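The structure appears right after this line, and notes come after that.
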Amino acid sequence: MKSESPVSGPALVHRRGSLRGRLVALKGPRLSVGRDQGNDVVVDSPVVSTRHVLIFLDEEGDRGWLLRDLDSKNGTYLNGREVLEQKLEDGDVIRLCRNGPEFVFAATGSIDYMNDSTVNFNPADFAEPGREGAEERGVKGVCRTLGRELERSSRRSTRAILFSAAAVCAALLLAGWYFAGGPVRMAGSLASRPAVELDLGPIYSSLFHSYREKGIGEVRVRNTTSRALQAACVEFTLEGEGRGYLVEGLRFELPELAPGETWTKRLNPLLSRKIVTERSLEVTAAVRLEEGRELLASANRAVTIYDYHVFNWQDPSKVAVFVDSNDAAVKAFVDSAWGHRPGVSPYEFPPAQMVTAVTLLSALNGHKIGYKPDARTPVSVSEGVETSDRVNYPGETLLRRSGDCDDIVVLCCSVLEAADIPTAVVVGSSHVIMMFDSGLSSIPASAGEVPGNLFSEESWVAHKGRLWIPVEATELARPAGGFTAAWAAAWRYKKQIESGELPVFEIREGWKRYKPLHPPPAADVLAKIRQGSLWRQEGLAAAAEAALRVVKTFAGDNLQAAVNELKKSCDGLELAQRSSLLYTQAGFYREAAALLEQAIFDGEAPPDAGAVRSWGGKVTFDLAILLTDLALAVTLSSSSVAELERAVEYYRLALDGLPDALPEKSECMLRLGLVQKMRGDLKAYRKWTDQAIEREPRLREKLDRLERGDGRVASTSPDRRLLDYLRSRMAATRL
């Protein structure tokens, strides 16, 4: 007997199971069936898999509607035969598991009765009721349906009537759900079992180390019963392919939970390293609520585990897990490039860490890493808050010599962090760059001294009181690029960075929350890394020196502009002293020394220490001040014992011109002693430091502080108090 058509298109009728008699219209081209709440049709049966079958329309071909098993645990049967994928015909019987829930496929929305197990429903009887009398009319509709079924009893067997009555009872229960807006409940009573829920997001293998602390989600238990829950516990597991991904299962004892109360617990599992997978997959997360040995409730849901290259930019600080300064390839690369660093004094400009950064970034350009965008994948083109990307680990980019902007940024940060240079990632809407701490302060000097910073305003970023250098990392992947090109290309981001429009994420701050995954290389990859020829570069030292010359010239031009401003307000020895102080504070010690030697010795600087000792000029107070500055500049730029010997003689001349009554003369003696120590004359070191402390006992603490440091005479910037005092005395007594 043919049924009346309840819908105009294809549909599924639930023939056997908890939703028996329910009709589902196939409104779209796909319909998924399974136990997980994310399916289009949810079947609550233990024999049904999380995602069991997919019914879909063959839009590219002409095969019509197809049935596909989704690698279910208990299989899918079509008309009694197990299938993986099969074309559907009108009236086909679909069964989940050999004896599980059953559907009938109705190609035109109407099906024949099969084994008298399906009741013929008239949709008019179940039309949505109005605002008044909804429940009454709904029950009457069910009664009318039952009446029609009884009228047909003369044409059916007794068994068919019983089947019909059972189906109508099921429909009555469904109607109760529909019209009451939820499960059928006895008046004034609560559900007989509590509710348990899982709130989980996807799991990223790359964040493996953080889940023990941050957790993967929450489990909630709501006591919807009329009694208190006592001695209950919750157990969380991963099933299917997820078996073995937990080192130990999670089991929580619940406190006494009164009726209506909710208990929530964060899930902080100890994950096995097995979860760090090279492919993304879906597993089942399951939770059981038990009281004693009785199972009160359970829940499960599908969870995606992304492979260890997948990254979610929703929280950009998590990119720190890819920045690995201990990567074997990164360490080998840095070791190889380290010997090509240009030799400069640790206190000269550019600062040592900027010299190192320029060298290493020039080495990356010389390693010929090409720009290669990521392939478009379902992961990379997804939308919404879960938008993800693929990021290579630094060693992979080094060995493949290719990557996109985020891969190259991760590599740059890893290489510089391996050299102990702080780095940060700057994140835009569709692009990332990096920047590093130059080692310079971004705090402007006092009025009338050094005017601001060494670089033009657009070329650096003030970040937490430091001067950071922005770098467009993709420029390093251009053969004709290099450090200076990468630096200049990033200047356009300065205003956006300092205004907060482009957020900055320091790698070391990210490491505090998200530890690098540090995947170990395979044996053959490690053998390749250890090949010295892989990292060898011709001309790296020359490239680094050329880049540093550009940096120094760029800064020098700004200093010269500042000197030109000083010339408008002073001249003579005061100009020399103030200009040299400007150069000294900037780290241009050789330039400061040359300027002072020209002013002190009338353009004919002594070639060595002996010439300084034999100099017959008179040391006035003004010259003593300049000689103190000169000795300091020569000491800070020294790269040989001969230069230190010349600094010693400059200090001796300065002492001759400083009055004994001047307390700061003792500090000059202390500095002279420290320079003697630097050149290896310990006897002279002891002589001068003892004299200084005898004159000024307060210098003992300062000497101890220097001894606990590196012992250098200028392990810090020039003593501002002494220089300010000397400058004021010079201004008061100048000719």
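The values are calculated or read from the model by the stated rules, or taken from the named source; none is laboratory data. All values reported here derive from a predicted model rather than from experimental measurement. Side chains are part of the model used for accessible areas, which takes the heavy atoms of the whole protein and leaves out ligands, DNA and RNA. Shrake-Rupley method; radii C 1.70, N 1.55, O 1.52, S 1.80 Å.
In the context of the full set of protein chains, residues of region 470-620 present 52 Å² of accessible surface per residue (probe radius 1.4 Å, heavy atoms only).
Computed over protein heavy atoms with a 1.4 Å probe, the carbon and sulfur contribution to the accessible area of region 503-563 reaches 56%. By a 1.4 Å probe calculation restricted to protein chains, ILE529 has an accessible surface near 10 Å², given to the nearest 10. Here region 603-665 and region 285-310 have alpha carbon centers that stand 78 Å from each other. Protein heavy-atom surface of region 6-106, 1.4 angstrom probe: 44% of the accessible area is carbon and sulfur, with nucleic acids and ligands not counted. By the rule of a C-alpha distance below 18 Å, with chain neighbours fewer than 8 residues away ignored, the aspartates and glutamates paired with LYS265 are GLU197, ASP199, GLU213, GLU218, GLU235, GLU248, GLU253, GLU256, GLU290, GLU291. Per-residue SASA remark: HIS518, around 80 Å² accessible (1.4 Å probe; ligands, DNA and RNA not included).
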